[in-house]
Amino acid sequence: MCVSLINYLQHVTPLSEPLRDKLEQIIRTKIFTKKELILKEGEVSNYIYFIESGFARSFYTKDGKDITAWFMAENDVIIFVASFFTRVKSYENIEVLENTTIHYIDHNELEQLYNDFPEFNKTGRLLATHYYVLSEERLYNMRRQTAEERYYFLVNKYPQLILRAQVSHIASYLGLNLETLSRIRSKK
């Protein structure tokens, strides 16, 4: 049942009863197992996902190495924006790092929701704004902070991430090699 997603959306902005009923009809649920890919590079992103429980990351490959672009956990939306909205092939992968329960709807259903329920456009705008701000924060940190500042920002703002993610994923997310991250962590 998608109660957690509907409750989450209800906190973003109130949903009318007809909209809630429609969401209950179209939202599907799937359990992914650890290491399973939700989206593979080269595929078009057809779904927008919501994590009820679990942990995931998006990553791309550069020079034969995985580079983590983002982490997602409970109550996060998972979407590869460029592919989902422009219908082009993804250049990233989305992998679950723990067994993960996800609710999702497809691109056409989302567009139909926006058409049939204009109130839902506000929900979409508020969610887009939230994730855009997070993206800007990440870009600022990567451009303006030292490696040590980036790491401690992550520790202070997202302590659960530090406990759940592999050190190699954290290092690539911060734009660091493992040796640099180890030196920073040993200074504690």
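Each value in this text was obtained by applying a stated rule to the coordinates, not by laboratory testing. Since this is a predicted model, take the numbers as computed values, not measurements. Please note: Cβ atoms are built from the backbone with ideal geometry, for glycine as well, and neighbour counts cover all protein chains shown.
Please get the size of the charge dipole for the chain, origin at its Cα centre, with Cβ charges of +1 on Lys and Arg and -1 on Asp and Glu, quoted in debye to the nearest 20.
Numbers: 24 positive and 24 negative charges, 176 e Å.
With Lys and Arg at +1 and Asp and Glu at -1, about 840 debye.
Could you work out [θ]222 nm for the chain from helices alone, using -39500 (n - 2.57) per DSSP H run of at least four and dividing by all its residues? Round to the nearest 500 deg cm²/dmol.
On the way: 9 runs with 96 residues, N = 188.
Taking each H run of at least 4 residues, the total per residue is -15500 deg cm²/dmol.
Name the lysines eligible as straight-distance cross-link partners of Lys22: C-alpha to C-alpha under 21 Å, and not fewer than 8 places from it in the same chain.
The qualifying lysines are Lys30, Lys122.
Mind telling me which of Tyr104, Tyr60, Tyr131 comes out most flexible in a GNM of the chain, alpha-carbon contacts under 10 Å?
Tyr131
Select from Tyr158, His169, Ala147 the residue farthest towards the positive end of the dipole of region 147-188; place +1 on Cβ of Lys and Arg, -1 on Cβ of Asp and Glu, and compute about the Cα centre.
The listed residue farthest towards the positive side: Tyr158.
How would you classify the chain from its alpha-carbon gyration tensor, with a ≥ b ≥ c the square roots of the eigenvalues: rounded for a/c under 1.5, else prolate if a/b is greater than b/c, otherwise oblate? Provide the component values of the computation, followed by the final result.
Working: a/c = 2.01, a/b = 1.81, b/c = 1.11.
It is prolate, given that a/c is not under 1.5 and a/b is the larger ratio.
Let me make sure I get this right: for region 53-116, a, b and c are the square roots of the gyration tensor eigenvalues over alpha carbons, sorted descending. Under 1.5 in a/c it's rounded, otherwise prolate if a/b > b/c, else oblate. Which is it? List each step's numbers first, then the result.
Numbers: a/c = 3.20, a/b = 1.37, b/c = 2.34.
Oblate, since a/c reaches 1.5 and b/c is not below a/b.
Under 16 Å Cα to Cα from Lys89, which lysines show up? Leave out anything in the same chain fewer than 8 places away.
In chain and number order, the partners are Lys40.
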